[in-house]
Each structure stands twice: as C-alpha cells, then as structure tokens.
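Everything on this sheet refers to the single structure shown next.
What follows draws every value from the coordinates through simple rules; no lab data is involved. Because the structure is a prediction, the values reported are computed rather than measured. For neighbour counting, all protein chains shown are included, and Cβ atoms are generated from backbone atoms with ideal geometry for every residue, glycine included.
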Amino acid sequence: MAPRIAVVGSINADLVVQMPKLPGRGETVSSSELSWFPGGKGANQAVAAARMGGIVSMFGAVGDDEPGQMCLAALQQSGVSIEAVTKVSSPTSTALVMVEHTGENQIVVADGANQHASFDSALVSSADAVIVQFEIPESVIIAAGKAATGIFCLNAAPVRAISDELAQLIDVLIVNEHEFAELGKPQSGLVIVTAGANEVMAYQDGKVVAKSMPPVVAALDTVGAGDTFVGAFIVAYAAGATVSQALDRACAASALSTLKLGAQSGMPTAAEVDDFLSSATN
C-alpha cells in the first residue's frame, strides 16, 4: 500500500537565472535566460514524494497572487492534495535561483506567505510520515512533530541550530555535508548525510549503517535534487524499505532530477527510477 505522506512546509515561486558562472562578492554577471518555476523545499519534497508513489498532502500557505496560483497548479498536477494550503494576505514567498553552466547554484529566499504556514493536526497525525523543513517557523515545525504519529522527518535546511525540544521529536534527519558539519554532527536517531555527487552516508546513533553512491549523470540543474532525495527516501522508507534500499532509490531519483531545468520539472516517477535502476544493474 502506498504510504500517506504529510508535508508541512514552504511553497515558493522560483525565479531562475542561468549564467556562465556564479557571481562573487561585488561582481556583476550577465545573463539572458530567466524563467519562473514553482518551488520551495516543502512543495518540492511533496511533488517528489507524490511522483515516487506516495499519497501526499501539502500543508502551507501562499499569497492570493499569480505566483501562488502557479505553485498550487503544479502541486495539483503532480497529484499532491492542496486542500489544506491556505491563502494569506502576504505575497507568495519567492526564491532567486542563480544557476551556472555546471549545474551548481546559489539561492536567496524572500520570505512571505511561508511565515504563515499552518496544518491540520488530525490529518498530520494520520500520516505514515511527516516531512518538515526550516523554511517555515520553528513553532509550526515543533507542533507538527508533536502531532505526528508516524515517521517524523526534518530536512534541516536552510541550516540553523536544532533546539532540544525539536531534537527529541525527530525520527529521521536529512542534511547535506555542509549542514551536517554546521550542526555539530548530530549523533542520535537516523541521520542521512548527502554530499552532492559523492557517497551518501546513513548514521544510526552515530554509527554508519548504510552507504550509497549516486549514479553519474550529465547534470543540467541541481536545484531541487536534495528535495527529490528527501521525498524519494521517505516514501521508500515509510513503505517498508531498508535504509540501504531507500538510499539507493533516493540517490537514483535525485540524479535523474538534475537532467531538466527547474526544481520540480525534472523529478522522476517511481517507474522511471525503477527503469533506471534496472538498466544500471544489467
């Protein structure tokens, strides 16, 4: 049976600018390519989870504006329930995403409606897994963790200190190598550490329990790759996969997501990941 996934988190409109190289401090770089895409770590993870076969509900907030409508339409098109997303007077949160030719990126987020994110406790408590991120207020994250009865997963990005109250609620922590180092290498629970194209490590109470090497692909845009990993991992893990099996599926999904421009547009389906993994072993 497909796992029920509740995502409590951010919904952004992404303004993506492609450029030959990322600007340094005080540097101006020219670009002729500019596009709008639906994004936000919460929405991205919801889309990834839905495409990987989860029954997904999104909890968050958007403004009553065109970017908000674009984001909601994209969620709905991917099969994510948006009934619990609220419209507020603040504008839809917007991210400026700068992408260089290698696929590497820099992102600046202008908070708006995300600061008004909320959720339905009854719906969250009935989910097999709940995913949250640090683009919404911590009070909302802690409340979601207390309401959760299934797996409670924190993607600690953008990175900030994890309070003791929140730490006690976390079943799965997913971070990249830089966030892991900044957090002081958390030792409790299941901690997944991604490292771009390098090996992904899974720690249980400080000990390595699984590893997975992401497949090599010709990446076009790495924006959303981490969110794809989160959604894919949690769907597999909540469905009963081992940590190692879930890592392999998440790594494959994340790699495939980099083959198209835009955080959500390249996110693969479960069938596409199955085909990719099958071809890799033949």
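To the nearest 0.05, what FRET efficiency results for Gln76 and Lys207 with a Förster distance of 45 Å applied to their C-beta separation?
Values: r = 42 Å, r/R0 = 0.93.
Taking R0 as 45 Å, the efficiency between Gln76 and Lys207 is 0.60.
Which value, in debye to the nearest 20, describes the size of the charge dipole of segment 187-258 about its Cα centre when Lys and Arg Cβ atoms bear +1, Asp and Glu Cβ atoms bear -1, and nothing else is charged? Walk me through the intermediate numbers first.
Numbers: 3 positive and 5 negative charges, 31 e Å.
Charge dipole of segment 187-258: 140 debye, to the nearest 20.
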Distance between modelled label sites at Lys146 and Ser32, nm, 7 Å Cα→Cβ extension: 5.6 nm
Tell me, what is the FRET efficiency for Gln69 and Gln106 to the nearest 0.05, using R0 = 30 angstrom and their Cβ-Cβ distance as r? 0.65
Mean-square fluctuation maximum in Gaussian network of the chain, Cα pairs under 10 Å, restricted to Arg51, Arg160, Arg249, hits Arg160
For Gln115 and Glu83 in the same chain, what is the full-extension length gain: residue separation times 0.36 nm, less their Cα-Cα distance, in nm? 9.7 nm
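Over segment 54-103, what is the relative contact order in whole percent, taking alpha-carbon pairs under 8 Å and six or more residues apart? The partial results should precede the final answer.
Values: 57 pairs, mean separation 24.1, N = 50.
Reported relative contact order: 48 percent.
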Which one, Cys251, Leu22, Thr92, is farthest towards the positive end of the dipole of the chain when Lys and Arg carry +1 and Asp and Glu -1 on their Cβ? Cys251
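Can you give me the relative contact order of the chain as a percent, contacts being Cα pairs under 8 Å and 6 or more apart? Walk me through the intermediate numbers first.
Values: 699 pairs, mean separation 52.2, N = 282.
The value is 18 percent.
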At each listed q (0.12, 0.15, 0.18, 0.20 Å⁻¹), what is the log10 of I(q)/I(0) that the Debye formula gives for segment 20-94 modelled as equal alpha-carbon point scatterers? -0.43, -0.60, -0.74, -0.82
Of the options Thr281, Val159, His178, report the single residue whose Cα projects farthest towards the positive end of the charge dipole of the chain (beta-carbon charges: Lys, Arg +1; Asp, Glu -1). Thr281
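Tell me, what is the FRET efficiency for Glu165 and Ser188 to the nearest 0.05, using R0 = 22 angstrom and their Cβ-Cβ distance as r?
On the way: r = 14 Å, r/R0 = 0.63.
Computed FRET efficiency for Glu165 and Ser188 comes out at 0.95.
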About its Cα centre, how strong a charge dipole does the chain have in debye, to the nearest 20, once Lys and Arg get +1 and Asp and Glu get -1 at the Cβ? 320 debye
Listed residues Val62, Val124, Val216; largest mean-square fluctuation, Gaussian network over the chain with Cα springs below 10 Å, found at Val216
Mind sorting Phe229, Phe276 by how few other Cβ atoms lie within 10 Å of their own Cβ, fewest first? Phe276, Phe229
The chain, Gaussian network, Cα under 10 Å: of Pro137, Pro214, Pro20, the residue fluctuating most is Pro20
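May I ask what percent, to the nearest 5, of DSSP beta bridges between residues of segment 129-282 are antiparallel? Intermediate values should be presented prior to the final figure.
Values: 10 of 23 bridges.
Around 45 percent of the beta bridges assigned by DSSP in segment 129-282 are antiparallel ones.
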Once you keep just the Cα pairs under 8 angstrom separated by 6 or more residues, what percentage relative contact order results for segment 1-146? 33 percent
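Taking the number of other C-beta atoms within 10 Å as the exposure measure, put Met58, Met70 in order starting with the fewest. Kindly include the intermediate steps, with their values, before the conclusion.
Details: Met58 30, Met70 17.
Listing Met58, Met70 from fewest to most nearby Cβ atoms yields Met70, Met58.
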Using the Kyte-Doolittle scale, which helices in the chain average at least 0.0 and also have C-alpha atoms spread 18 Å or more along the helix axis, with helices defined as whole DSSP H runs? 225-238, 243-257
MRE, 222 nm, helices only [DSSP H, n ≥ 4, -39500 (n - 2.57), over the chain, to nearest 500]: -9000 deg cm²/dmol
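On a full-extension model of 0.36 nm per residue, what is the gain between Leu123 and Glu138, subtracting their alpha-carbon distance, rounded to one decimal in nm?
Working: separation 15, 0.36 × 15 = 5.40 nm, distance 1.94 nm.
Gain on extension, Leu123 to Glu138, equals 3.5 nm.
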